[in-house]
Amino acid sequence: MRRNRRRIAEGLLALSCAIALGCENPVASDRVSPPTAVTAAATDRLPDLGMARLSSLSVGTSNGRRLLRYSTTIVNVGSGPFELHGRRASTAEPQMSSVTQRVFDDAGGSRDIATPAVMVYAGDGHNHWHVRDLQLQEVFRADGTSAGRSDKRGFCFWDNVRYRLTLPGAPQSPVYQESGCGDQGSLTTAVGLSIGWGDIYPASLPDQNVNITGLADARYRLVVTADPGGWFAESNEANNSTWVDFELYRHGRRVRVLGYGPTAMIAARGP
């Protein structure tokens, strides 16, 4: 009996010592802790720029020059909007040298990325701010040598062409408006293309042409590329160009379309 009492006393003493020293309760340590929730990082929803089919090819004259005119439509077939913000400190600055791209994510957030782009004011009938060198428009001979390049490389863009509104997340009505391009006194601009939307520059607009004066009757290719410098974050950089093959005839006064190249997304023949 005394031996049992002694063992019980020693056990109580050890337990009190363990508690005093902060030792773990052996029973509590066997309990499984609830799993810690892991928050997944937000994923960018990037735009994907490309060119829709080129259209309205014709040959005109101006000040003794022969001009190849055409319409271009830049489109966004990505999973997020293509949105740019330009700014300048004062009206004394002739251009907006700070142009950032706003990238949205699947968590409802966004982040701004600095770009090498600049915006310039176009008072040639456009009367708003253009992103310089947003597109490159070139004519090539059949042997691949350059036959001319358009002076029109600055563009403002907004939702004005329904390109493929069946894309996931595509709004069914325009989001970005022409007003985002600003005016001569603007210090900031906010331009964009929603998912599935495009922006057209008709053949009739100033500088929407290539000077083909002196080109012989032959076959040529007009190539138009969106974001030729790779300045903007996109999900796919390989589908930014399209082309049209054409033939000049009657001493360069007429044009005949021979065939079209790829559009921004060949499989996406939406409304």
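The values are calculated or read from the model by the stated rules, or taken from the named source; none is laboratory data. Keep in mind it's a predicted model, so treat the numbers as computed, not measured. Note that we place each Cβ from the backbone using ideal geometry, even for glycine, and neighbour counts take in every protein chain shown. Keep in mind that these areas ignore ligands, DNA and RNA; they rest on the heavy atoms of the full protein, side chains included. Shrake-Rupley method; radii C 1.70, N 1.55, O 1.52, S 1.80 Å.
Observations, loosely collected:
- Condition met for THR188 (farther than 18 Å from ARG256 by Cα and either open to solvent by 50 Å² or more (accessible area, probe 1.4 Å) or touching a Lys or Arg at 6+ places or on another chain (Cβ under 6 Å) (or both)): yes
- Which listed residue is small (Gly, Ala, Ser), open to solvent by less than 70 Å² (accessible area, probe 1.4 Å) and touching a Ser or Thr at 6+ places or on another chain (Cβ under 6 Å), from GLY230, GLY182, GLY144: GLY182
- Conditions (1) open to solvent by 50 Å² or more (accessible area, probe 1.4 Å); (2) touching a Ser or Thr at 6+ places or on another chain (Cβ under 6 Å); number of the one not met by ASN240: (1)
- Filter pass, GLY80 being out of contact with any His (no Cβ under 9 Å at 6 or more places or on another chain), at positive phi and modelled with pLDDT of 95 or more: no
- Number of positions in region 243-257 that are under 17 Å from ALA52 (Cα atoms) and either modelled with pLDDT under 90 or open to solvent by 20 Å² or more (accessible area, probe 1.4 Å) (or both): 3
Each row is one residue, and each column tells you yes or no for (1) closer than 30 Å to GLY108 by Cβ; (2) among the β-branched types (Val, Ile, Thr); (3) under 23 Å from the mean Cα position of the chain (by Cα).
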{"residue": "THR166", "(1), (2), (3)": "yes, yes, yes"}
{"residue": "GLN172", "(1), (2), (3)": "yes, no, yes"}
{"residue": "GLU178", "(1), (2), (3)": "yes, no, yes"}
{"residue": "GLN184", "(1), (2), (3)": "no, no, no"}
{"residue": "LEU193", "(1), (2), (3)": "yes, no, yes"}
{"residue": "GLY198", "(1), (2), (3)": "yes, no, yes"}
{"residue": "SER204", "(1), (2), (3)": "no, no, no"}
{"residue": "ALA218", "(1), (2), (3)": "no, no, no"}
